[in-house]
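The values are calculated or read from the model by the stated rules, or taken from the named source; none is laboratory data. All values reported here derive from a predicted model rather than from experimental measurement. So basically every Cβ, Gly included, is an ideal-geometry build from the backbone, and we count neighbours across all protein chains shown. Calculation scope for accessible area: heavy atoms of the full protein, side chains included, ligands and nucleic acids excluded. Shrake-Rupley method; radii C 1.70, N 1.55, O 1.52, S 1.80 Å.
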Amino acid sequence: MESIAAWQGATLCGIVAWIVMASHLNVTRKLRSFFQPWVARHVINGTPLLLQIQKYEHRFLDALFSGLSCVVSVPFYTAFLPLLFWSGHGRLARQMTLLMAFCDYLGNCVKDVVSAPRPSSPPVRRITATKDEEDNAMEYGLPSSHTLNTVCLSGYLLHYLLSYPQYEDASIKCFGLALVCLVVGLIGLGRIYLGMHSLVDVIAGLTIGLMILAFWLTVHEYVDFFIVSGPNVTSFSAALGLLLLFAYPTPELPTPSFEYHAAFNGVAFGIVAGIQQTYHQFHHEGVPRIFTSQLTIPTFVGRMLLGIPTILIVKFCSKALAKRILPVVSNTLGIPIKSTSYIPNLNGNGKKSDEIKQSGYIQKLFFFNGTAFDVDTGIRFLQYAGLAWSVVDLVPSLFSHVSL
């Protein structure tokens, strides 16, 4: 236990030291000046390949690749993961949630450090079939987040399934690996076909995804053990989530990437806090699993009908409470605040909202250097933390009370 506490302290101190050092040495700008011209040149040189692929334009391909992009998007995973928790596969669900948060943070960090452009449209035809895709198009290009996330999550899912004795057959392993490769290949091709990414973005997403997956497969058992039985889990997770918000790099121009990270950072914290409190009641390895006599399909449908409205209500209430509490707390502590969208009467004088939302490292860490803190970041974090907590704590408690 003492070694774990020391490891926690060293981790937090290391992040604080990185924030200070990166700000003092202008690490982000130096890395950007090195990588951005190289990536931008490859994006431009890759345009003929994109146009060649888009010559095969067809309504079926538009629908296929747009659908695949939705299926592997962050909003889809956010909607799918609660169902995985309620199906009895708690270990898989919490690992995929944390892995998703890890991928989202690192991928968006690289995007905003490099700040490389997406393929120019026109001449490239860009297809954004959903609001989520329109928001994605506002982010920088390298790496392809869809490719990165697909590599990590499909790879981890394959690893999880192959850990069961009934799937040890070599032919099953080969089929699973081929299926994962096919899905990753289709996602990468689809991002190019849709005009969202160039080839260099997809290759970067694939490379970074494989590196993250290899790292996660090395540490996932230690992470899971810490979450379910380690000391100071909730307080450490809260401190880590706060520091990671401040450690996020400043992009060349504001993008939605920081907002996405703040939301999923809140999800990760809510899951960890809830699991740590209720593991032995609702999330241990002996809980009923779907497709068994203990958890039938009708029962699982009942769980969805009860659980989904509940977490949406909690999300709404968490946002409303955060909008009321955070401004009061900030004013009490003397912290100057602004709101870019959630609280209109706070969107007044001072810096422009985009400058506030993604200010520099030290300005984020110390709020008093003439920079108002964007309270929307805290609201978004608490909103999604409340939603995630309800998925693993409140809703399973309701299932227990109504015998679902």
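Taking the listed residues T207, T255, T292, the one that is of a type in the set (S, T, N, Q), surrounded by fewer than 19 Cβ atoms within 10 Å (Cβ to Cβ) and under 30 Å from Q54 (Cα atoms) is T207, with no other qualifying. Being open to solvent by 30 Å² or more (accessible area, probe 1.4 Å) and within 22 Å of F76 (Cβ to Cβ) holds for only one residue in L153, L157, L177, and it is L157. Restricting to region 7-34, name every residue that is within 26 Å of V200 (Cα to Cα) and open to solvent by 90 Å² or more (accessible area, probe 1.4 Å). Residues satisfying the conditions are R29, K30, F34.
One residue stands out among those in region 108-139 that are assigned to a helix (DSSP H, G or I) and free of Cβ contacts under 8 Å to residues at least 24 places away in the same chain: the one that is surrounded by the fewest Cβ atoms within 10 Å (Cβ to Cβ), which is K131. Within region 314-330, can one find any residue that is out of contact with any Ser or Thr (no Cβ under 6 Å at 6 or more places or on another chain), open to solvent by less than 60 Å² (accessible area, probe 1.4 Å) and without any contact (Cβ under 8 Å) to a residue 24 or more places away in the chain? Yes - at least one qualifying residue is present in region 314-330.
Just the residues that are open to solvent by 70 Å² or more (accessible area, probe 1.4 Å) and part of a helix (DSSP H, G or I), please, taken from region 43-65. Break it down stepwise before answering.
Keep residues of region 43-65 that are open to solvent by 70 Å² or more (accessible area, probe 1.4 Å), which gives 44-45, 48-49, 52, 55-60.
Selection gives I44, N45, P48, L49, Q52, R59, F60.
Could you look through region 241-252, keep only residues that are within 18 Å of L12 (Cβ to Cβ) and in contact with a Phe, Trp or Tyr (Cβ under 8 Å, 6 or more places away or on another chain), and pick out the one that is surrounded by the most Cβ atoms within 10 Å (Cβ to Cβ)? Looking at the filtered set, the residue picked out is Y248. Just one of (1) within 28 Å of Q281 (Cα to Cα); (2) touching a residue at least 40 places away in the same chain (Cβ under 8 Å); (3) surrounded by 18 or more Cβ atoms within 10 Å (Cβ to Cβ) fails for L83. It is (3).
Among residues of region 93-107 that are over 14 Å from I275 (Cα atoms) and of a type outside the set (A, V, I, L, M), those with a Cβ under 6 angstrom from a residue that is assigned to a helix (DSSP H, G or I) and open to solvent by 20 Å² or more (accessible area, probe 1.4 Å), sequence gap 6+ or separate chain, pair up as G107/S145.
Could you tell me which residue of region 384-404 is farthest from F282 (Cα to Cα), considering only residues that are among the small types (G, A, S) and open to solvent by 20 Å² or more (accessible area, probe 1.4 Å)? Full working, then the answer.
Kept after step one, since they are among the small types (G, A, S), are these residues of region 384-404: 385-386, 388, 390, 397, 400, 403.
Subset that is open to solvent by 20 Å² or more (accessible area, probe 1.4 Å): 397, 400, 403.
Working: S397: 8, S400: 9, S403: 13 Å.
Going through the qualifying residues, I end up with S403.
Looking across L142, L157, L148, one residue alone is hydrophobic (A, V, I, L, M, F, W, C), assigned to a helix (DSSP H, G or I) and under 22 Å from I53 (Cα atoms). It is L148.
Here the helices (runs of 4 or more DSSP H) wholly within region 167-268 that include at least 3 residues being charged (D, E, K, R) are 199-229.
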